[in-house]
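Please read the structure below before turning to the comments.
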Amino acid sequence: MRRYLSDWKGLVYNFAFFLNGLLIFLLIFESRFSVPIWMQSLGRMHPLVLHFPLVVLMLYGFWVILIEKPGSVRWNNELAGILLLIGTFTAAVAAFSGFILSKEDGYEGDALFWHKWLGVAISLISIAWYSMQGYLSPWKLKSKLVAAGFLLLLFVGGHLGGNLTHGEDFLISPLPQAEDDVPKVAMEDARVFQDLVQPVLNQKCISCHNEEKSKGNLQMQTQALLVKGGKNGVLWDTTKADLGLLISRLHLPLDDKKHMPPRGKVQLTDEEIVLLAAWVKGGSRFDQLVSSLSPQNPVYAYAQNVLGGSRTEEQYNFDAADADEVAKLNTTYRLIRPLSAESPALFVNFYNRANFKSQDIEGLLPLKDQIVSMDLSKMPVKDEDLKILSKFSELRKLILNFTDITGKSLDELKKLPMLKEISLSGTGVKLANVKSLESFPALKKVYVWSTALTVNELAELKKLRKISFETGFRSDTLILALNPPVIENEEVIVSSKTPISMKHQIPGTEIRYTLDGTEPDSAKSLVYTKPFSISKNTNVKAKAFKNGWYGSKQVDRFFFKAGYHIDSVRLILPADQKFKAKGDITIADGVKSDKQQSSGKWLGFRENDFQSYLLFKKPVLASSVTLSMLRNVGGFIFPPVRIEVWGGANEKSLKLLKIITPEMPVKETPNSDYLVFNAEFDSQKLSCIKLVAKPLAKLPAWHPGKGEKAWVFVDEVFVN
């Protein structure tokens, strides 16, 4: 039995010795080492195994310090040796897995450097200590000094690892701040971002997104870094139904690996989520004062709870809604929340324009006696929907900015006895519609900026006494910019008969567009008067113009003309398992992916070239092949270095038709964008087309992943 035990110890010791040697080798050649896909799982075991050596080695270290004399009955040589051996082995495993994990994106800075080298030192000292047990009797002073120094290493290394994983203030974040540390900001002086939004980001987000640890290449320490975003793009986008990455990931299920903050971290409260969504929806301004907001605004309500304030909230004499009913009616894109703590009043925000229906408003009628504020900005609300809204008898504030109402049914809202504020900015209301609001019983304030009303009509409204009309800032020296026009087509793969439609929320606005890739101007570009069709792959660019306004920013959308139906597709080399989409059919399924590399609709190639056959049952008269691809510089996704198009009657009789050598990104290249490569060749009948796209072998020196292999992403291919 003793022999088998000794053999067991020898095997464990030798394996730990081997791991330490391998670790030293990898550290020496770290700059040349690229972690293969299969090894990444070993790195992610690091959080699972690191606690075991910490505990075991601390026990052994304290045991050595406490032993006071030779022959003590409290010392067991056999047990102590096993304890140190287990600690030595698990320390080597933890150090090796930690080294592998450190090669992933998102870990950088001084904390990582010191944690990595302390981890290696702990592993090496552990095996050296075990090897020299015979010379380090536990009751001698030198052993106790070694143990004390080793415990210090364990504490410092563990502390740095905790900072990397959870942030520097993880242990104390649940504790209330000392009274002297709480910022004394009056409501009148408070700023929305600085005093409300930033503290939430600092407490719940920045531990994973800072200069030491930037998951997804995203850092949040400054306003500039927030605006820049990460490798997946910008954090917010009010043109999207879900308002972009920041808000959409907060709403994902907790078990979803993309949910933020991840499981195990302190989660945002419902009030904090509403705060961030309202801030983004309101334009994500960094300079906005809380005092400029209406008391019904959810941001203002949040500020009252967090900062306090001299203004008193309206007292409501109705009962609170049933909590189960509120929970049942809450959806991901229709948020219902109390106006403030302990208040029976509710406010509702809508977010998903694409899926919005009139029934979404009607479905809230069970709460009509508690809803006092409703924000329908940018939803496709029609004039007929105002009849439903007129049933919400407790409604005080209604926001209809940039909706589709024309104003002809505004009188329906006269049935609301408590309505004090309505916002009609960016709608098509006429002067007569707006003037009729004077007869509303409780209405005090109306917002009508960016409407079709002329300067003279707005001046006429300003003369009215009962209601305060907010028309926006105007002067002889300041001209405002228009919002961009809206390209209404959601599908970007179109036939020659599909109409391309555009609109603008402000009536009287002229939309100018181009189809040749040039920037639209107000003089020579085409004027949009009705929907049009395209006959080839086309990048539609458009701007809005109107007298008395600056032209809008450009909006563009690339439309792919649907080509020949490809009967079958066969990938010659497989896509990477992480980005395999639907397999072969992905490049001919007529589904265009968004710019998110994790959308599940991209085929990703790194170790293999992209090589595929396109097969037709009957020969087609082909003259071009278009490849739809992705560039995400931060995500290591580059254009291919070479694209080849081959064609013939079958797989064995192919000839080279076209070679394309794409231009590589430079340091200043925008992070993420679609790529379109069109290969034109002499028209000929083909039954088989072979495509080849070769990934970049080594990322350039300016890239964070310099020397590593780039990805190639493909989602669609079109013939003619």
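The values are calculated or read from the model by the stated rules, or taken from the named source; none is laboratory data. What you see is a predicted model, and the numbers here were worked out from it, not measured in a lab. Cβ placement follows ideal geometry from the backbone for every residue including glycine, while neighbour counts extend to all protein chains displayed.
Answer yes or no as to whether Lys382 is more than 25 Å from Lys462 (Cα to Cα) and without any contact (Cβ under 8 Å) to a residue 24 or more places away in the chain.
Considered against the rule, which asks whether it is more than 25 Å from Lys462 (Cα to Cα) and without any contact (Cβ under 8 Å) to a residue 24 or more places away in the chain, Lys382 comes out as no.
Counting just the residues of the range 327-355 that are crowded, with 20+ Cβ neighbours inside 10 Å and hydrophobic (A, V, I, L, M, F, W, C), which one comes out farthest from Phe402 (Cα to Cα)?
Applying the filter and picking the extreme gives Ala345.
Check off (1) more than 24 Å from the chain's Cα centre (by Cα); (2) surrounded by 15 or more Cβ atoms within 10 Å (Cβ to Cβ); (3) more than 22 Å from Phe558 (Cβ to Cβ) for Lys617 and give me the number that stays unchecked.
Checking Lys617 against (1) more than 24 Å from the chain's Cα centre (by Cα); (2) surrounded by 15 or more Cβ atoms within 10 Å (Cβ to Cβ); (3) more than 22 Å from Phe558 (Cβ to Cβ), the one that fails is (2).
Go through Leu268, Leu289 for me and flag whichever is under 25 Å from the mean Cα position of the chain (by Cα), aliphatic (A, V, I, L, M) and over 27 Å from Asp404 (Cα atoms).
Working: Leu289 fails: under 25 Å from the mean Cα position of the chain (by Cα).
That would be Leu268, the only listed residue that is under 25 Å from the mean Cα position of the chain (by Cα), aliphatic (A, V, I, L, M) and over 27 Å from Asp404 (Cα atoms).
Do we find that Leu419 is among the aliphatic types (A, V, I, L, M) and either in the same structural domain as Gln505 (by TED's automatic domain parsing) or surrounded by fewer than 20 Cβ atoms within 10 Å (Cβ to Cβ) (or both) in this structure? Reasoning before the result, please.
Values: among the aliphatic types (A, V, I, L, M): yes; either in the same structural domain as Gln505 (by TED's automatic domain parsing) or surrounded by fewer than 20 Cβ atoms within 10 Å (Cβ to Cβ) (or both): no.
Considered against the rule, which asks whether it is among the aliphatic types (A, V, I, L, M) and either in the same structural domain as Gln505 (by TED's automatic domain parsing) or surrounded by fewer than 20 Cβ atoms within 10 Å (Cβ to Cβ) (or both), Leu419 comes out as no.
Has the range 271-282 got any residue that is surrounded by fewer than 19 Cβ atoms within 10 Å (Cβ to Cβ) and either at pLDDT below 75 or in a helix (DSSP H, G or I) (or both)? If you could, list the steps in order and put the result at the bottom.
To start, the set of residues in the range 271-282 that are surrounded by fewer than 19 Cβ atoms within 10 Å (Cβ to Cβ) comprises 271, 273, 282.
Keeping just the survivors that are either at pLDDT below 75 or in a helix (DSSP H, G or I) (or both) gives 271, 273.
Taking every residue of the range 271-282 in turn, at least one turns out to be surrounded by fewer than 19 Cβ atoms within 10 Å (Cβ to Cβ) and either at pLDDT below 75 or in a helix (DSSP H, G or I) (or both).
Give the residues of the range 422-433 that are at pLDDT below 85 and either in contact with a strand residue (DSSP E or B) (Cβ under 9 Å, 6 or more places away or on another chain) or not assigned by TED's automatic domain parsing to the domain that holds Lys387 (or both), sorted by residue number.
Ser425, the sole residue that qualifies.
Of all residues in the range 288-300, which are loosely packed, with under 13 Cβ neighbours inside 10 Å and at pLDDT 75 or above? Spell out the reasoning first.
Of the range 288-300, the ones loosely packed, with under 13 Cβ neighbours inside 10 Å are 292.
Listed by number, the list is empty, since nothing qualifies.
Can you name the residue in the range 537-577 that is in a strand (DSSP E or B) and among the polar types (S, T, N, Q) and, of all such residues, is farthest from Ser593 (Cα to Cα)? Full working, then the answer.
From the range 537-577, those in a strand (DSSP E or B) are 538-545, 550, 555-561, 568-571; that's our starting set.
After this cut, where a residue has to be among the polar types (S, T, N, Q) as well, the list is 538-539, 568.
Working: Thr538: 17, Asn539: 17, Ser568: 20 Å.
Taking the candidates together, the pick is Ser568.
Out of all the residues in the range 657-667, is one or more under 23 Å from the mean Cα position of the chain (by Cα) and either at positive phi or touching a residue at least 40 places away in the same chain (Cβ under 8 Å) (or both)?
no
State all residues of the range 515-536 that are of a type in the set (A, V, I, L, M) and in contact (Cβ under 8 Å) with a residue 12 or more places away in the chain; if no residue qualifies, say none. Lay out the reasoning, then the answer.
The first filter runs over the range 515-536 and keeps only residues of a type in the set (A, V, I, L, M), leaving 515, 523, 526-527, 534.
Scanning the range 515-536 gives Leu515, Leu526, Val527, Ile534.
Being buried (at least 21 other Cβ atoms within 10 Å of the Cβ), over 16 Å from Leu419 (Cα atoms) and of a type in the set (A, V, I, L, M) is the filter here; which residues of the range 365-398 pass it?
Met379, Val381
So Val676 passes all but one of these: (1) closer than 20 Å to Asn720 by Cβ; (2) in a loop (DSSP other than H, G, I, E, B); (3) among the hydrophobic types (A, V, I, L, M, F, W, C). Which condition number does it fail?
(2)
With the condition kept exactly as written, say whether any residue in the range 633-654 is free of Cβ contacts under 8 Å to residues at least 40 places away in the same chain, part of a strand (DSSP E or B) and either within 17 Å of Ser568 (Cα to Cα) or out of contact with any helix residue (DSSP H, G or I) (no Cβ under 6 Å at 6 or more places or on another chain) (or both).
yes
Step by step: first the residues of the range 483-526, then only those that are β-branched (Val, Ile, Thr) and in a loop (DSSP other than H, G, I, E, B), then the one that is modelled with the lowest pLDDT. Which residue is that?
Our first condition is that a residue be β-branched (Val, Ile, Thr); within the range 483-526, this holds for 486-487, 492-494, 498, 500, 506, 509, 511, 514, 518.
If we keep only those that are in a loop (DSSP other than H, G, I, E, B) too, we end up with 492, 498, 506, 509, 518.
Details: Val492: 83, Thr498: 84, Ile506: 74, Thr509: 86, Thr518: 88.
The extreme case among them is Ile506.
May I ask you to verify whether Phe718 is surrounded by 14 or more Cβ atoms within 10 Å (Cβ to Cβ) and either closer than 16 Å to Phe605 by Cβ or free of Cβ contacts under 8 Å to residues at least 60 places away in the same chain (or both)?
Working: surrounded by 14 or more Cβ atoms within 10 Å (Cβ to Cβ): yes; either closer than 16 Å to Phe605 by Cβ or free of Cβ contacts under 8 Å to residues at least 60 places away in the same chain (or both): no.
So Phe718 fails the test.
Just checking, does the range 340-361 include any residue being touching a helix residue (DSSP H, G or I) at 6+ places or on another chain (Cβ under 8 Å) and charged (D, E, K, R)?
Checking the range 340-361: not a single residue is touching a helix residue (DSSP H, G or I) at 6+ places or on another chain (Cβ under 8 Å) and charged (D, E, K, R).
How do the helices (runs of 4 or more DSSP H) wholly within the range 153-261 filter down when requiring 1 or more residues that are among the small types (Gly, Ala, Ser), modelled with pLDDT of 70 or more and within 17 Å of the chain's Cα centre (by Cα): which remain? Spell out the reasoning first.
Numbers: elements: 198-204, 223-228, 245-250.
Filter on the range 153-261 gives 223-228, 245-250.
Within the range 579-614, work out how many residues are surrounded by fewer than 16 Cβ atoms within 10 Å (Cβ to Cβ), on the phi > 0 side of the Ramachandran plot and part of a loop (DSSP other than H, G, I, E, B).
Here the count works out to 2.
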